[in-house]
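Here the structure is laid out as structure tokens; the discussion comes afterwards.
The values are calculated or read from the model by the stated rules, or taken from the named source; none is laboratory data. It should be emphasised that the depicted structure is a prediction, and the values quoted were computed from it without experimental measurement. Every residue, glycine as well, gets a Cβ built from its backbone with ideal geometry; the counts of neighbours run over all protein chains shown.
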Amino acid sequence: MIRARTAVLPDVERIHAIIQPYADVGTLLPRPSAELCENIRDFVVAEEDGSVIGCGALHLYGTHLAEIRSVAVAPEAKGRGAGRALVEALMHEANRQSVTCVCLFTRTPRFFAHLGFEVARRQQLPDKIYKDCVCCPKLTSCDEIAMVKGQIPANVDGLRDPRIVIPLVQLKP
């Protein structure tokens with residue numbers, strides 16, 4: 001049986017081992033072990049029979065926005081529900097933190113669409129763009145698809161105005 005749990009520092013080596021092959025082929029951004037240690041509180045892992053088979057993280061920008069990132073499942077464990085368990089655990093945490101919109105950037109939009117995410121425009125997510133994308137070498141040639149679940153924060157001249165929201169999909173309590 002697969003279960004998701006909060007990651008702890010001893011999981012870093014396995015998280016890194018799961019993410020790295022995806023980073024090597026450009027599916028995920030590389031996450032050095034030091035960065036994983038610094039951000040371990042953002043991660044959840046999926047376990048099966050006591051072994052970590054997947055990981056994912058939730059980066060909080062504020063109650064207006066969080067980002068699901070670094071979702072990966074070991075190739076030998078794919079198709080058994082670990083990815084779904086990870087995303088559900090991350091969404092549970094977003095709801096616990098009273099986040100009104102969860103975004104992600106992906107090359108596998110079908111998977112996330114099955115979990116209720118909808119395609120969005122990058123320009124609707126300036127917090128994410130200003131934090132990560134402006135430093136990315138693929139900024140002008142990004143092949144990832146932005147997706148959201150919840151209320152997209154409205155923007156004025158590229159800046160977020162937390163008092164204005166565009167309804168999209170309500171997060172389940």
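All of Val71, Val44, Val52 fail the test of being touching a helix residue (DSSP H, G or I) at 6+ places or on another chain (Cβ under 9 Å), more than 28 Å from Arg122 (Cβ to Cβ) and part of a strand (DSSP E or B), apart from Val52.
Going by what's in this entry, would Thr63 be described as touching a Ser or Thr at 6+ places or on another chain (Cβ under 9 Å), modelled with pLDDT under 95 and more than 18 Å from Glu144 (Cα to Cα)? Yes: the conditions hold for Thr63.
Go through the stretch 1-12 and give me each residue that's more than 17 Å from Arg84 (Cα to Cα) and either in contact with a helix residue (DSSP H, G or I) (Cβ under 7 Å, 6 or more places away or on another chain) or assigned to a loop (DSSP other than H, G, I, E, B) (or both).
Val8, Leu9, Val12
Of all the residues in the stretch 8-33, those that are without any contact (Cβ under 8 Å) to a residue 40 or more places away in the chain, under 23 Å from Asp143 (Cβ atoms) and of a type in the set (S, T, N, Q) number 1. Taking (1) more than 22 Å from Arg121 (Cβ to Cβ); (2) surrounded by 20 or more Cβ atoms within 10 Å (Cβ to Cβ); (3) not aromatic (Phe, Trp, Tyr) in turn, Arg80 satisfies each apart from (2). Between Pro162, Pro173, the distinction of being modelled with pLDDT under 95, more than 27 Å from Val45 (Cβ to Cβ) and not in a helix (DSSP H, G or I) belongs to Pro162 only. Does Cys37 satisfy the criteria of being under 25 Å from Val99 (Cα atoms) and in a helix (DSSP H, G or I)? Judged against the criteria, Cys37 is a match. Within the stretch 13-34, the residues that satisfy the criterion of being of a type in the set (Gly, Ala, Ser) and either within 19 Å of His92 (Cβ to Cβ) or in a helix (DSSP H, G or I) (or both) are Ala17, Ala23, Ser33, Ala34. Number of residues in the stretch 42-51 that are more than 30 Å from Asp143 (Cβ to Cβ) and under 16 Å from the mean Cα position of the chain (by Cα): the value is 0. Scanning the stretch 20-36 for residues that are under 19 Å from Arg3 (Cβ atoms) and under 14 Å from the mean Cα position of the chain (by Cα) turns up nothing.
Only residues that are among the charged types (D, E, K, R) and modelled with pLDDT under 95: list them for the stretch 1-48, please. Step through it out loud before you land on a result.
Going through the stretch 1-48, the residues among the charged types (D, E, K, R) turn out to be 3, 5, 11, 13-14, 24, 31, 35, 38, 41-42, 47-48.
Asp24, Arg31, listed by residue number.
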